[in-house]
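S.K.: Starting off with a structure, shown below.
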Amino acid sequence: MNGLVKKWEVRPWNVVVGHEQPASTASFAPLSGAILRRWSARTTEAQLPKYLEHFSKNVLPALRGVHGYLGATVSLRHDENEVENVVETTWRSLDSIRAFAGSDLEAAVVAPEAAALLTSFDRRARHSEIVLTDRV
């Protein structure tokens, strides 16, 4: 695959220097009241590594620059003919999302470079209020 990402793996890490608490006992700021923004798109297996690279190198840095952005998750569902990408971003408030998406909060924000890598994508995002979360 020309040196492109073939597999993603997220693993917990342990603090070996410093005074931080281990992840299992660390206290996290509650996400209750935050907003989950969900959007999905489809691409081919061949284009998937390029889309993930675009997301990592372009989308994430831009999101990190928006006040109220709390994090993102990209999940995949492989089908016979294509891959569904589900992008979930977490935001402090609707105002934070407005700073990212503009006045039409549900409008999908898709750069032309990303659109070129996708076979189709949702034109609208969905928002949900987070009322409970559990992180281990």
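The values are calculated or read from the model by the stated rules, or taken from the named source; none is laboratory data. Computed from a prediction, not measured in an experiment: that's the story for all the values here. Reconstructed Cβ throughout: ideal geometry from the backbone, glycine too, with neighbour counts over all protein chains shown. Remember, those area values only see protein heavy atoms, side chains included, never the ligands or the DNA or RNA. Shrake-Rupley method; radii C 1.70, N 1.55, O 1.52, S 1.80 Å.
S.K.: How about segment 99-117: which of its residues are in a loop (DSSP other than H, G, I, E, B) and of a type in the set (A, V, I, L, M)?
M.R.: Those that are in a loop (DSSP other than H, G, I, E, B) and of a type in the set (A, V, I, L, M): Leu105, Ala108, Val109, Val110, Ala111, Ala116, Leu117.
S.K.: How many residues, within segment 46-70, are open to solvent by 70 Å² or more (accessible area, probe 1.4 Å) and part of a helix (DSSP H, G or I)?
M.R.: Of the residues in that region, 4 qualify.
S.K.: If you go through segment 109-129, how many residues are in contact with a strand residue (DSSP E or B) (Cβ under 9 Å, 6 or more places away or on another chain), open to solvent by 30 Å² or more (accessible area, probe 1.4 Å) and either acidic (Asp, Glu) or under 18 Å from Leu70 (Cα atoms) (or both)?
M.R.: 6
S.K.: Look through Val87, Val83 and report the one residue that is over 15 Å from the mean Cα position of the chain (by Cα), open to solvent by less than 40 Å² (accessible area, probe 1.4 Å), within 27 Å of Glu45 (Cα to Cα) and at pLDDT 95 or above.
M.R.: Every option except Val83 fails the conditions.
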